């Protein structure tokens, strides 16, 4: 798999964070969408702080992205269960 590193990623992520991202993408330990969301969040945090995001910080960000994804999945699942069999009229 090939993925280009954006200039903003180079600017706000440390080399060890970029290595970690590469590792996570190769091992598919997390879904690619979750990793991309975490990258975007890391860049925003780096911009706000005016500094770099290292690998341990990126792991925290990705864990929050995973938790957020699970929460939204649970919400959508419970929403689906509550409206199952109902029809909506526009």
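Bear in mind that the values in this text are calculations on the coordinates, not laboratory data. Fair warning: this is a prediction, and the values are worked out from it, not measured in the lab. Every residue, glycine as well, gets a Cβ built from its backbone with ideal geometry; the counts of neighbours run over all protein chains shown.
Sequence gap at least 6, Cα distance under 8 Å: using those rules, report the relative contact order of the range 13-72 to the nearest whole percent.
Numbers: 44 pairs, mean separation 27.0, N = 60.
45 percent.
Does the range 13-72 come out rounded, prolate or oblate, given a ≥ b ≥ c as the square roots of the eigenvalues of its C-alpha gyration tensor, rounded meaning a/c under 1.5 and, failing that, prolate meaning a/b above b/c?
Details: a/c = 2.25, a/b = 1.22, b/c = 1.84.
Judged from the Cα gyration tensor, the range 13-72 comes out oblate (a/c at least 1.5, b/c at or above a/b).
Provide the packing ranking of 43-52, 30-39, 7-16, i.e. peptides ordered by the mean count of other C-beta atoms within 10 Å per residue, highest first. Intermediate results must be reported in sequence, preceding the final value.
Values: 43-52: 13.3, 30-39: 17.2, 7-16: 15.2.
In descending order of packing, they fall as 30-39, 7-16, 43-52.
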